[in-house]
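Worksheet: one structure, shown below.
The values are calculated or read from the model by the stated rules, or taken from the named source; none is laboratory data. If you're wondering where the values come from, they're calculated on a predicted model, not measured in any experiment. All Cβ positions, glycine included, derive from the backbone under ideal geometry; neighbour counts span all protein chains shown.
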Amino acid sequence: MDPQLKENGDVSHDDDNNHVYKKLKLSPYISDSEILEEFSHHEPGVARINNGSFGSCPASIIAAQKQWQFRFLQQPDDFYFNQLKKGILESRTLIKDLINADDVEEVSIVDNATTAVAIVLQQICWAFIEGRFQRGDAVVMLHYAYGAVKKSIQAYVSRAGACVIEVQLPFPVRSNEEIIVEFRKALEKGKSNGRKVRFAVIDHITSMPSVVIPVKELVKICRDEGVDQVLVDAAHSIGSVEVDVKDIGADFYTSNLHKWLFCPPSVAFLYCRKSSTFSDLHHPVVSHEYGNGLAVESAWIGTRDYSSQLVVPSVLDFFNRFEGGIEGVRKRNHDAVIKMGEMLAKAWGTHLGSPADMCPSMVMVGLPAILGISGEEDTLKLRAHLRNNFGIEVPIYYRTPKEDETKSRDKNDCITGYARISHQIYNREDEYYKFRDAINQLVRNGFTCKILLPN
Ligand SMILES: Cc1ncc(COP(=O)(O)O)c(C=O)c1O
C-alpha cells in the first residue's frame, strides 16, 4: 500500500467492508485517462488525424448539450421566453471577451462559417444592386479560398456585377513576405483601369493547403489601398491560433467554434465591427426578429435546435481543466503537430509545406512522389484507400506542378501530394506512426494511384 495514499486518507469501502485505497489525483488538471474517456465515442481503430475538417466534441460537452435540448423539450414556451435569449447572450459575451471585441453587439452567433460569409456577401450584393458599388468594381480573394466561399462570391457578388480577382499564392510557401507580395500584385490588378476594390475576403488559415496567412498585415494593406470592406474567413482559427479582432482590424471576422473549440456541430461567431454598414447586415433566414440587429436576428431563425450555441460556457470550463487553458491547448497541439509532421517528412524523404510558424494545429506534409498523385481525383481515391484499408482518416491535397518541374526534374522528386495532418488533444503519437507505416508499405509494394478505381 502506498503510505502517501494512506496518509491522505483517500479511503472507501468495498461490498465486504474492506478498505479500498483510491488512486490519488495529484494534478489539478485533466488526466490522460480522463481525456480518453471524453473521446471514447470516437470509432475505435481509426487514426483520426483530421480534426481540421469537422472538429471534435468531448463527452462532457455532449452531455451539456443534451441538457439544453431537454430543457427545450421539457417546457418549450418557458425555454423560448425565459432561457434562450439569455443563454445566447451569455455565449456572445464570452466570445466577445475571447476575441477582444469592444461590444457584444458586434458578435453574432450563427450556424457555421458558410452562413457568416453569406451574411456579409449578401450585404455586398445589395451594395452593387443598389448602386453604392459600380458594376465592374473589383473584389479580391485568395486563390486558396475555401471552395464554398468561392462559390458564394460567384453566387452573391460576381452575379451582382463585381470583377473577381484571385491572389495567386505560392505553395510550398516559405515566408509571409511571399504572400504579401502576391497580395499587393492582386490589389494593383484590382485597381487597374481606374477600378475600385470594394471588398476583400482573406483567410486567416487557409483550408487546403493549410497555411496561417499574415492577416493583420494584409488587412493593413487593404486599409492603405482604400479597400472598402474586409472579411476575414477564419473558419479554423479560434482554439488553434490567437484571435484579437481589434488588432487584426477587419470589418468582419468569422470562426467556427465546432472545429477547434470543442463545440458540438454546428456553431460559429461572426464579428462585425460597428460601421456605417452595420445596420445593413441581415441573416439570410428572415424571422420576426428582422430589423432588430444582426445578433438578435441570428439568435432566432425559427424553431430549431439552438443547443450548440448554448454550450459555450461549458466549453470554456472544459478548457480550464487544461494547464494554460485555451492557450496551453493551442501551444501543445501546435508543437505536437510540428513534431509529427517533421517525423513523417523525414521518414518519407519529403518536406513540410510551410515553416512551423506558418502552421496552426495542422501541417502539410509532402507525400512520396512515387505514389503518383496526379489530380484531385487521386487525392480522394487515396484518402478513401487509407480509410478503408488502413483505418486512417487524413485529407490530401494535390499541387499542380510547375511546367519546369515536370520537364527538368526526376519525376520522383516532384511532390504533388501533401497530407494535411491535424493534432487535437485526443491524438496519440502511434496514430501518426500508423500513417507513416501505411505510406511506407504502399511505397514498398510499388503502389501508385493509377491502380485505384474511382470512388
Ligand atoms: C477556410 C474555410 N472557410 C469556410 C469553411 C466552411 O466551414 P463550415 O462548413 O463549418 O461552414 C471551412 C471549412 O472547413 C474552411 O476551412
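Couple of notes before you dig in:
- In the range 247-260, the residues that are within 15 Å of the ligand (Cβ to nearest atom) and either without any contact (Cβ under 8 Å) to a residue 60 or more places away in the chain or closer than 17 Å to Val104 by Cβ (or both): Ala250, Phe252, Tyr253, Thr254, Ser255, Leu257
- Close pairs from the range 103-128: first closer than 19 Å to Phe262 by Cα, partner charged (D, E, K, R) and in a loop (DSSP other than H, G, I, E, B), Cβ under 7 Å, at least 6 apart: none
- Any hit, the range 61-76, residues being modelled with pLDDT of 95 or more, within 16 Å of the ligand (Cβ to nearest atom) and surrounded by 13 or more Cβ atoms within 10 Å (Cβ to Cβ): no
- Taking the range 89-101 as the range and being in contact with a Leu (Cβ under 7 Å, 6 or more places away or on another chain) and buried (at least 21 other Cβ atoms within 10 Å of the Cβ) as the test, only Ser91 passes.
- Matching residues in the range 279-310 - criterion: being within 19 Å of Pro76 (Cβ to Cβ) and part of a loop (DSSP other than H, G, I, E, B): Ser287, His288, Glu289, Ala299, Trp300, Ile301, Gly302, Thr303, Arg304, Asp305, Tyr306
- Against the list (1) in contact with a Gly (Cβ under 8 Å, 6 or more places away or on another chain); (2) within 16 Å of the ligand (Cβ to nearest atom), the condition Phe54 fails is (1).
- Glu393 meets the conditions (1) surrounded by fewer than 16 Cβ atoms within 10 Å (Cβ to Cβ); (2) of a type in the set (D, E, K, R); (3) within 26 Å of Val212 (Cβ to Cβ) in every case but one. The failed one is (1).
- Filter result for Ile129 (closer than 24 Å to Ser361 by Cα and more than 16 Å from the ligand (Cβ to nearest atom)): no
- Every pair of residues 6+ apart whose Cβ atoms lie under 9 Å, when the first sits in the range 149-160 and is over 11 Å from Ala118 (Cβ atoms) while the second is within 16 Å of the ligand (Cβ to nearest atom) and of a type in the set (D, E, K, R): Lys150/Glu166
- Residue, nearest to Ile392 (Cα to Cα), within the range 31-82, restricted to residues that are part of a helix (DSSP H, G or I) and among the hydroxyl-bearing types (Ser, Thr, Tyr): Ser53
- Exactly one residue out of Val110, Val117 is in contact with a His (Cβ under 8 Å, 6 or more places away or on another chain), of a type in the set (Val, Ile, Thr) and within 16 Å of the ligand (Cβ to nearest atom): that is Val110.
- Test: residue in the range 224-239 that is of a type in the set (S, T, N, Q), more than 16 Å from the ligand (Cβ to nearest atom) and not assigned by TED's automatic domain parsing to the domain that holds Thr379: yes
- Filtered residues of the range 220-240 (kept if assigned to a helix (DSSP H, G or I) and surrounded by fewer than 22 Cβ atoms within 10 Å (Cβ to Cβ)): Lys220, Ile221, Arg223, Asp224
- Residue in the range 265-288 that is in contact with a Pro (Cβ under 8 Å, 6 or more places away or on another chain) and in contact (Cβ under 8 Å) with a residue 40 or more places away in the chain present: no
- Residue selected from the range 261-286 under the condition within 16 Å of the ligand (Cβ to nearest atom) and of a type in the set (A, V, I, L, M, F, W, C), by the criterion farthest from Val215 (Cα to Cα): Val285
- Whether a residue is more than 16 Å from the ligand (Cβ to nearest atom), polar (S, T, N, Q) and modelled with pLDDT under 95 was assessed, and Ser27 passes this test.
- Identity of the residue in the range 191-219, assigned to a helix (DSSP H, G or I) and of a type in the set (Val, Ile, Thr), that ends up nearest to the ligand (Cβ to nearest atom): Val215
- Matching residues in the range 29-60 - criterion: being aromatic (Phe, Trp, Tyr) and either free of Cβ contacts under 8 Å to residues at least 24 places away in the same chain or surrounded by 20 or more Cβ atoms within 10 Å (Cβ to Cβ) (or both): none
- Qualifying residue in the range 257-272 (condition: surrounded by fewer than 24 Cβ atoms within 10 Å (Cβ to Cβ) and outside any loop (DSSP other than H, G, I, E, B)): no
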